[in-house]
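Student: One structure follows; several queries about it will come next.
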Amino acid sequence: MYTTLIISDLHLTNVEEDKIEFFAYFCKKYASKADQIFILGDLFNTWIGDDVSLLSYKAIISILRDLSQNTKVFVMIGNRDFLLSKQFELESGCELIDEPYILDLNSKKFLLIHGDSLCTDDLNYQKLKRVLRNPIIQFIFLNLSKNLRLKLTGQLRKKSIEAQSYKTEELMDVNLTTTNLLMSDYPGYDLIHGHTHRQNTHIEEKYTRHVLGDWSNTSGNAIKITDKLEWLEIN
């Protein structure tokens with residue numbers, strides 16, 4: 001039976017050894033037995049360029065490389081690790097994929113995205129995203145020194161945390177009108193995404209929306225698709 005796993009929002013760092021060990025446990029017990037796994041963004045808590053971050057995340061890259069020997073590993077960028085690039089693919093054995101990604105499994109069809117593009121009520125976030133995803137801005141950033149990149153990333157993260165404290169739960173969730181508009185282009189598909197950290201399944205009029213949750217150091221969640229879709233609680 002062909003098995004697909006889907007996860008999101010692990011936010012791995014190079015200092016949380018417990019979380020890295022938990023991810024390794026997941027890969028060995030669950031992911032290694034799947035035919036393919038999709039990671040829908042924010043695998044890493046930060047990624048400041050392949051040239052620097054590959055050295056910082058050696059243990060995680062090694063885990064991914066081992067997993068990719070027998071399981072196809074697809075990685076979608078998130079809002080934290082959008083600077084993942086070709087060298088990451090080469091060293092990890094993973095394949096970077098763009099969103100939206102169409103997953104066709106026999107009679108089941110799914111649209112995979114990270115999820116932040118649906119949070120259109122948060123205008124300040126969407127403005128910042130447009131700036132950070134600008135190729136010119138990224139080129140300039142990637143040519144800065146490691147220390148300056150770390151400093152700028154830390155400042156952005158601090159401001160983001162401060163801003164979130166003033167935002168309502170509704171503001172940081174997906175906009176249903178935006179979501180319906182997206183899905184109108186994909187009739188017959190169900191939607192799977194992360195980003196909001198609000199694990200749930202929503203039955204809409206024309207599609208079902210599955211929202212992946214984030215991971216802690218001791219627990220996580222995944223969607224498993226074989227001849228049916230089911231949730232896996234990892235602990």
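The values are calculated or read from the model by the stated rules, or taken from the named source; none is laboratory data. Computed from a prediction, not measured in an experiment: that's the story for all the values here. Backbone-built Cβ (ideal geometry, glycine too); neighbour counts: all protein chains shown.
Student: Please go through (1) closer than 22 Å to residue 229 by Cβ; (2) not in a loop (DSSP other than H, G, I, E, B) for residue 188 and return the number of the only condition it doesn't satisfy.
Tutor: Status for residue 188: all satisfied but (2).
Student: Go over the candidates 185, 173 one by one and state the one that is touching a Ser or Thr at 6+ places or on another chain (Cβ under 6 Å), of a type in the set (D, E, K, R) and either surrounded by fewer than 13 Cβ atoms within 10 Å (Cβ to Cβ) or modelled with pLDDT of 80 or more (or both).
Tutor: After applying the criteria, what remains is 173.
Student: Would the range 144-153 turn up any residue that is in a helix (DSSP H, G or I), out of contact with any Ser or Thr (no Cβ under 8 Å at 6 or more places or on another chain), of a type in the set (A, V, I, L, M, F, W, C) and surrounded by 13 or more Cβ atoms within 10 Å (Cβ to Cβ)?
Tutor: yes
Student: Let me spell it out: the conditions are (1) in contact (Cβ under 8 Å) with a residue 40 or more places away in the chain; (2) more than 25 Å from residue 143 (Cβ to Cβ); (3) touching a helix residue (DSSP H, G or I) at 6+ places or on another chain (Cβ under 9 Å), and residue 38 meets all of them except one. Which number is the exception?
Tutor: Among (1) in contact (Cβ under 8 Å) with a residue 40 or more places away in the chain; (2) more than 25 Å from residue 143 (Cβ to Cβ); (3) touching a helix residue (DSSP H, G or I) at 6+ places or on another chain (Cβ under 9 Å), the lone unmet condition for residue 38 is (3).
Student: In the range 1-43, which residue that is among the acidic types (Asp, Glu) and in a loop (DSSP other than H, G, I, E, B) is farthest from residue 197 (Cα to Cα)?
Tutor: 35
Student: Which pairs have Cβ atoms under 7 Å, sit 6 or more apart or on different chains, and link a residue in the range 166-194 that is farther than 18 Å from residue 97 by Cβ to one that is assigned to a helix (DSSP H, G or I) and of a type in the set (A, V, I, L, M, F, W, C)?
Tutor: That search, which allows pairs on different chains as well, returns 174/118; 175/118; 178/118; 179/118.
Student: Residue 82 versus (1) under 24 Å from residue 150 (Cα atoms); (2) buried (at least 22 other Cβ atoms within 10 Å of the Cβ): which is the lone unmet condition?
Tutor: (2)
Student: So, of the residues in the range 91-133 that are over 19 Å from the mean Cα position of the chain (by Cα) and of a type in the set (A, V, I, L, M, F, W, C), which turns out to be nearest to residue 178 (Cα to Cα)?
Tutor: Applying the filter and picking the extreme gives 123.
Student: When only residues in the range 208-229 that are farther than 17 Å from residue 40 by Cβ and not small (Gly, Ala, Ser) count, which is surrounded by the fewest Cβ atoms within 10 Å (Cβ to Cβ)?
Tutor: 228
Student: Let me ask something additional. Check the range 221-229 and report whether any residue there is closer than 21 Å to residue 39 by Cβ, in a loop (DSSP other than H, G, I, E, B) and not small (Gly, Ala, Ser).
Tutor: yes
Student: Check off (1) in contact (Cβ under 8 Å) with a residue 12 or more places away in the chain; (2) surrounded by fewer than 20 Cβ atoms within 10 Å (Cβ to Cβ) for residue 55 and give me the number that stays unchecked.
Tutor: (1)
One line per residue, one yes/no per condition, for (1) charged (D, E, K, R); (2) in contact with a Phe, Trp or Tyr (Cβ under 8 Å, 6 or more places away or on another chain); (3) crowded, with 23+ Cβ neighbours inside 10 Å; (4) modelled with pLDDT under 95:
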| residue | (1), (2), (3), (4) |
| --- | --- |
| 20 | no, no, no, no |
| 24 | no, no, no, no |
| 44 | no, yes, yes, no |
| 70 | no, no, no, no |
| 77 | no, no, yes, no |
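Student: Report those strands (runs of 3 or more DSSP E) wholly inside the range 92-142 carrying at least 3 residues which are within 30 Å of residue 59 (Cα to Cα) and in contact with a Leu (Cβ under 8 Å, 6 or more places away or on another chain).
Tutor: In the range 92-142, there are no strands (runs of 3 or more DSSP E) which contain 3 or more residues that are within 30 Å of residue 59 (Cα to Cα) and in contact with a Leu (Cβ under 8 Å, 6 or more places away or on another chain).
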